[in-house]
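Trainee: The structure's right below; bear with me while I get my questions together.
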Amino acid sequence: MSVPPAEPAVKQQVKPRVERDHVVIRFAGDSGDGMQVAGMQFTNESAIAGNDLSTLPDFPAEIRAPAGTLAGVSGFQVNFASHEIFTPGDDLDVLVAMNPAALKMNVGDLKPNGILIVDREQFNEQNLRKAGYESNPLEDGSLAKYQVYPVDISKLTALTLRDTNLPARTVNRCKNFFALGLVSWLFQRPIEPTQKWIASRFQKRPELVEANQRVLQAGYHFGETSELFASAFEVKPARLEPGTYRNITGNSALALGFVVAARKAGRPLFLGSYPITPASDILHELAALKEFDVYTFQAEDEIAGIGAALGAAFGGAIAVTTTSGPGMCLKAETINLAVSVELPLVICDIQRGGPSTGLPTKTEQADLLMALYGRNSESPVVVLAPATPADCFSIALEAVQIAVKYMTPVIILSDGYLANGAEPWRLPNLEELPDIRVEFRTDPRGYYPYLRDPMTLSRPWVIPGTPGLEHRIGGLEKEHLTGNVSYAPVNHEQMVRVRARKIAGIAREIPPTKIIGPSTGDLVVLGWGSTYGPIEAAVRKAQAEGKSVSHVHVRHLNPLPSDLGEVLRRFRKVLVPEMNLGQLVRVIRSEYLIDAVGLNKIQGLPFKEAEISRRIEQMLEG
Amino acid sequence: MNVLGPAQKLTRKDFVTDQDVRWCPGCGDYAILAQVQKVMPELGIPRENIVFISGIGCSSRFPYYMNTYGFHSIHGRAPAIASGLKITRPELSVWVITGDGDGLSIGGNHLIHALRRNVDVKILLFNNRIYGLTKGQYSPTSEQGKVTKSTPYGSADYPFNPIAIALGAQATFVARSIDVEAKHLQDTLLRAYRHKGTAFVEILQNCNIFNDGAFSSLTEKETKADTQLVLEHGKPLIFGKNRDKGIRLRDGKLQVVELGQDATESDLVVHDETDAGLAFLLSQLAAPDFPTPIGVFRAVTRPTYEEIVRGQIQTAKSRRPPDLDALLRQGDLWTVS
Ligand SMILES: Cc1ncc(C[n+]2csc(CCOP(=O)(O)OP(=O)(O)O)c2C)c(N)n1
Ligand code: SF4
Ligand SMILES: [Mg+2]
């Protein structure tokens, strides 16, 4: 059951509608062409139309690579459907290419007979040369296997705005909205949400509000009235779980999750961070939420970011630090200090391609072993990974919950794909979310800084300002109860073991492993993090074909769910797809002596469903 | 801040912990500890509202010996940790203990940024011009040519001037004192406490094991009157056993003059803690041509980082009362029934 989508802006239905159950579209253009905006707005329109959806923004690391070049191409892919979907889609049904470079970089992903919309005038000699085309693909027959729609996007934009005195440059910048209007018509999306967005985005420049809104509308009308398109398409709303929905990216979901967690704990939220792609948006978002007692501290480096967060945790705040791989390297020593002083702290690593600076804007999940083991000595830390953009909200809450209950640092491994990708998010009922219990010890009787709760093995959280409980903590080894500095050999082993046991014991909080599909069989595909989507899509397809395949997804990477080994052993084979050279698979093999095999892709891009399907078939044959 | 009434006045003993102090006998750190413990009762605030945060080094063991809240952290990072604590808990009195290696080598970046932000923490840098804990390598304040285990041919690099660094970082309170100058050190610590904003105090400290006598000419009874220049706001710069020498400003440079011979008192520079230019000139004075200034080089007030941030939070709240539900419902919503 679902409500009908919002009414389309233009009502005269002249052309026929062709129904599709899902469509994958990519907007591609120069980084200056506003393709990210067009993609985001199209996503929003599709969400409001009631579709399930998944997005994949893909942009260059350079802010403005030279215009018209291959290096400067930026793209935004949206998969929207009338059924549940898990990935941004493998191949494109529709490609919008704003210039020859965008065409060249993307046309290989377009399905045969796919719709290709190009801005005709941009296929001039200069742009063709920059993109390395010897002849014009619009004329030389090389695009014969596609349905090509050359549209004078730039010219029609200029015509729409000819009665304004806007400079040509400004006019040209509106053309993304023409393309968006046209595609919105093609798929019968409501454009009101975008009209509203334009109004608020350009609030201070009414002339730009009017110009962009007019161009958007012009694009929409052009679809309906021009002879170019014989019909429009319709993708009916998906049957999502009842509730109120909004679109959310992984980074936003983390930010909101932390705010909610801190409110639920009744404590201020402190974020110590140093800007780095793709994590900075969390800092930006939280910096604007001061009314929720949110402190954001843009530190001088990542070490100070986590250091300040740890100081805030000492003082009783819900403390978070956010970064990506290079910053994680810098934070290692302070994470270890948090392990030693046993204070609650959440560390978000929004993974990107590496090593070193690597691929700043591209996704990867190769920091798992660093998160698990990348610190000196025995350094047990909780590691969690969200599966989807919306799941980032729950992970943030869970991380805070674990951190304060067990007095431990918790690492969240998100990635560039989850960070910027969006999906519909069913708003949680705030009342139903559990409160996060924060108890500061104030009773001096029988108090020792390292007196542990017999169940959780957690030490008491005593914050400065508490009379009679003055104490000192530090990174030197401590006597097990008093917390006084101790170099005693047996005490050290005892402390190493108790720190390990404390974290291992958190497994009792993890619900039984969910097996999607039959609970025994030929093959189980095991995943973690953002590979959830493509694995789920590929496994469902295989199941529909009658194959004996199940899917297990782990959100808790340390400790692992206590039943995981037993669950995996129920299958003849275990496949672990990862966007790295095989990190979880290594853990599984060593932890359970199971002959799991990896499927590895390290291209800065998420898996395609087909890539996993192929491997599933191979494994089942062999 | 929670203030104690006279009846509750604490004593030095209240700030002593049960831990054995493990510095080498004769180390200047003992004297500093004693003065800090003496000054604490003067602050008039309860023990539980005081926090000492340190990095790593001999000096950084300090928090273990203070019966307050304490955090012995990692090498160089104490200013960052202290900042996070003070920003979220401004009612606490937060002190950073650091060394010349901790604060100026590995933690130099954090130090200058803490100073420029003007978070209201008190930073005491114990400068013994050597790495004590790691057994005697040269430090960023060691004089050029210093022969140590790691520099058998003499160090090739030139030292930092901690006072000049603090001034360059726009610190609002910059002072220097000496481990064995008990009264002067106490007064300086009290001034640092009373200053609102980051206070930076360089404390010259003798490491009698690895750099003994580094400041002996400043501390020996016979010489110190001629080698120390005690800065006092509003007073002319006079020094010498017979108080017969002074500092004059001529052609943009400071000069030593003999009173009664080259100049009279009215020719001398009158110390002004609000004059940034003068503070910098004074920071450059050093042996052998000049006496070494001790006291407050600079003290000015400007809003602290945490005041500004708290102000922003208040403004945000008055503009938009916090509403979690509305926060989650931002943007376009749709309902599935
Ligand atoms: C990351 C790291 N690097 C190196 C060390 C070793 N280390 C400990 S203290 C120290 C130098 C301390 O010198 P200083 O700050 O001057 O303190 P002092 O011992 O002289 O008081 C060094 C290099 C360390 N503990 N941590
Ligand atoms: S080595 Fe030097 S600084 Fe360290 S305790 Fe001994 S005397 Fe003091
Ligand atoms: Mg030193």
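Trainee: Out of the range B:80-106, which residues are within 9 Å of chain A (Cβ to nearest Cβ) and either under 22 Å from B:Lys135 (Cβ atoms) or open to solvent by 10 Å² or more (accessible area, probe 1.4 Å) (or both)?
Mentor: B:Thr88, B:Arg89, B:Glu91
A quick yes/no check of all residues on (1) within 14 Å of chain B (Cβ to nearest Cβ); (2) over 30 Å from A:Leu476 (Cβ atoms):
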residue	(1), (2)
A:Pro380	no, no
A:Ala387	no, yes
A:Ile411	no, no
A:Asn429	yes, yes
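Trainee: Can you tell me which residue in the range A:550-586 is nearest to A:Ser530 (Cα to Cα), limited to those that are assigned to a helix (DSSP H, G or I) and open to solvent by less than 10 Å² (accessible area, probe 1.4 Å)?
Mentor: A:Leu584
Trainee: Does B:Asp29 satisfy the condition of being under 24 Å from B:Val180 (Cα atoms) and under 19 Å from the mean Cα position of the chain (by Cα)?
Mentor: In short, yes.
Trainee: Looking at A:Val118, is it touching a Pro at 6+ places or on another chain (Cβ under 6 Å), touching a residue at least 12 places away in the same chain (Cβ under 8 Å) and open to solvent by less than 70 Å² (accessible area, probe 1.4 Å)?
Mentor: Considered against the rule, which asks whether it is touching a Pro at 6+ places or on another chain (Cβ under 6 Å), touching a residue at least 12 places away in the same chain (Cβ under 8 Å) and open to solvent by less than 70 Å² (accessible area, probe 1.4 Å), A:Val118 comes out as yes.
Trainee: So is A:Ile616 of a type in the set (A, V, I, L, M), closer than 30 Å to A:Leu359 by Cβ and outside the structural domain of A:Tyr406 (by TED's automatic domain parsing) or not?
Mentor: yes
Trainee: Filter the range B:6-21 down to the residues that are modelled with pLDDT of 95 or more and surrounded by fewer than 13 Cβ atoms within 10 Å (Cβ to Cβ), then identify the one that is nearest to ligand 3 (Cβ to nearest atom).
Mentor: Step by step, filter the range B:6-21, then rank; the result is B:Lys13.
Trainee: Which condition number in (1) in contact with a Gly (Cβ under 8 Å, 6 or more places away or on another chain); (2) open to solvent by less than 60 Å² (accessible area, probe 1.4 Å); (3) touching a residue at least 24 places away in the same chain (Cβ under 8 Å) is the one that B:Arg117 fails?
Mentor: With (1) in contact with a Gly (Cβ under 8 Å, 6 or more places away or on another chain); (2) open to solvent by less than 60 Å² (accessible area, probe 1.4 Å); (3) touching a residue at least 24 places away in the same chain (Cβ under 8 Å) applied to B:Arg117, the lone miss is (1).
Trainee: Scan (1) assigned to a loop (DSSP other than H, G, I, E, B); (2) touching a strand residue (DSSP E or B) at 6+ places or on another chain (Cβ under 7 Å) for the single condition A:Asp595 breaks and write down its number.
Mentor: For A:Asp595, the exception is condition (2).
Trainee: Quick check on the range B:283-302. Is at least one of its residues open to solvent by 70 Å² or more (accessible area, probe 1.4 Å) and under 30 Å from A:Gly272 (Cα atoms)?
Mentor: Yes, that holds for at least one residue.
Trainee: Condition check: charged (D, E, K, R), assigned to a strand (DSSP E or B), away from ligand 1 (no atom under 11 Å from the Cβ) and crowded, with 17+ Cβ neighbours inside 10 Å. Does B:Lys146 satisfy that?
Mentor: Judged against the criteria, B:Lys146 is not a match.
Trainee: Is it the case, given these coordinates, that A:Lys547 is in a loop (DSSP other than H, G, I, E, B) and open to solvent by 50 Å² or more (accessible area, probe 1.4 Å)?
Mentor: Taking the combined requirement at face value, the residue satisfies it.
Trainee: Checking the condition in contact with a Pro (Cβ under 9 Å, 6 or more places away or on another chain) and touching a residue at least 40 places away in the same chain (Cβ under 8 Å), which residue from A:Asn580, A:Asn558 passes?
Mentor: Answer to the selection: A:Asn558.
Trainee: Is it fair to say A:Val260 is at the interface with chain B (Cβ under 10 Å from one of its Cβ atoms) and within 23 Å of the chain's Cα centre (by Cα)?
Mentor: When the stated conditions are applied, A:Val260 passes them.
Trainee: Condition first: farther than 20 Å from B:Phe173 by Cβ and more than 13 Å from ligand 1 (Cβ to nearest atom). Now tell me which residues in the range B:110-140 satisfy that.
Mentor: None - no residue of the range B:110-140 is farther than 20 Å from B:Phe173 by Cβ and more than 13 Å from ligand 1 (Cβ to nearest atom), so the list stays empty.
Trainee: Here is a follow-up. Give the residues of the range A:598-622 that are touching a Ser or Thr at 6+ places or on another chain (Cβ under 9 Å), assigned to a loop (DSSP other than H, G, I, E, B) and either closer than 14 Å to A:Val574 by Cα or of a type in the set (Phe, Trp, Tyr) (or both), sorted by residue number.
Mentor: Hit for the range A:598-622 is A:Phe607, nothing else.
Yes or no, residue by residue, for (1) away from chain B (no Cβ under 14 Å); (2) buried (at least 20 other Cβ atoms within 10 Å of the Cβ); (3) over 24 Å from A:His22 (Cβ atoms):
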position: A:Ala199; (1), (2), (3): no, no, yes
position: A:Arg205; (1), (2), (3): yes, no, yes
position: A:Leu208; (1), (2), (3): yes, no, yes
position: A:Ala211; (1), (2), (3): yes, yes, yes
position: A:Glu224; (1), (2), (3): yes, no, no
position: A:Glu227; (1), (2), (3): yes, no, yes
position: A:Phe233; (1), (2), (3): yes, no, no
position: A:Thr244; (1), (2), (3): no, no, no
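Trainee: Are there strands (runs of 3 or more DSSP E) fully within the range B:170-235 with at least 1 residues that are farther than 21 Å from B:Asp275 by Cβ and open to solvent by less than 10 Å² (accessible area, probe 1.4 Å)? List them.
Mentor: Where strands (runs of 3 or more DSSP E) fall fully within the range B:170-235 and carry at least 1 residues being farther than 21 Å from B:Asp275 by Cβ and open to solvent by less than 10 Å² (accessible area, probe 1.4 Å), they are B:173-178, B:199-204.
Trainee: A further question follows. Can you name the residue in the range B:43-60 that is crowded, with 24+ Cβ neighbours inside 10 Å and assigned to a helix (DSSP H, G or I) and, of all such residues, is nearest to ligand 3 (Cβ to nearest atom)?
Mentor: For the range B:43-60, the residue satisfying everything is B:Ser59.
Trainee: I'm trying to understand the selection: among the residues of the range B:126-141, which are near ligand 3 (Cβ under 9 Å from one of its atoms) and away from chain A (no Cβ under 14 Å)?
Mentor: B:Phe126, B:Asn127, B:Asn128, B:Arg129, B:Ile130, B:Tyr131, B:Gly132, B:Ser139, B:Thr141 - these are the residues of the range B:126-141 that are near ligand 3 (Cβ under 9 Å from one of its atoms) and away from chain A (no Cβ under 14 Å).
Trainee: Looking only at residues in the range A:314-334 that are within 16 Å of ligand 1 (Cβ to nearest atom) and buried (at least 23 other Cβ atoms within 10 Å of the Cβ), which one is farthest from the other protein chains (Cβ to nearest Cβ)?
Mentor: A:Lys331
Trainee: Could we say that B:Gly76 is part of a loop (DSSP other than H, G, I, E, B), touching a residue at least 24 places away in the same chain (Cβ under 8 Å), open to solvent by less than 10 Å² (accessible area, probe 1.4 Å) and within 16 Å of ligand 3 (Cβ to nearest atom) here?
Mentor: In short, yes.
Trainee: Could you tell me whether the range B:60-73 includes any residue that is facing chain A (nearest Cβ under 8 Å), closer than 30 Å to B:Ile313 by Cα and within 16 Å of ligand 1 (Cβ to nearest atom)?
Mentor: yes
Trainee: Let me ask something else. Residues being in a loop (DSSP other than H, G, I, E, B) and open to solvent by 40 Å² or more (accessible area, probe 1.4 Å): count how many of those fall in the range A:496-512.
Mentor: Total meeting the criteria: 2.
Trainee: Just checking, does the range A:513-529 include any residue being assigned to a helix (DSSP H, G or I) and closer than 26 Å to A:Gly416 by Cα?
Mentor: Within the range A:513-529, one or more residues are assigned to a helix (DSSP H, G or I) and closer than 26 Å to A:Gly416 by Cα.
Trainee: Any residue at all in the range A:473-495 that is under 35 Å from the mean Cα position of the chain (by Cα) and either basic (Lys, Arg) or part of a helix (DSSP H, G or I) (or both)?
Mentor: no
Trainee: Related question: Consider the range A:263-276. How many of its residues are under 20 Å from the mean Cα position of the chain (by Cα) and not in a loop (DSSP other than H, G, I, E, B)?
Mentor: Number satisfying all stated conditions: 2.
Trainee: Same structure again: Inside the range A:277-300, can you point out the residues that are more than 9 Å from chain B (Cβ to nearest Cβ), part of a loop (DSSP other than H, G, I, E, B) and open to solvent by less than 20 Å² (accessible area, probe 1.4 Å)?
Mentor: A:Pro278, A:Ala279
The values are calculated or read from the model by the stated rules, or taken from the named source; none is laboratory data. Note that this is a predicted model, so its numbers are computed, not measured. A quick note on method: Cβ atoms are made from the backbone with ideal geometry, for glycine too, and the neighbour counts reach across all protein chains shown. Surface accessibility is based on the protein's heavy atoms, side chains included, excluding ligands, DNA and RNA. Shrake-Rupley method; radii C 1.70, N 1.55, O 1.52, S 1.80 Å.
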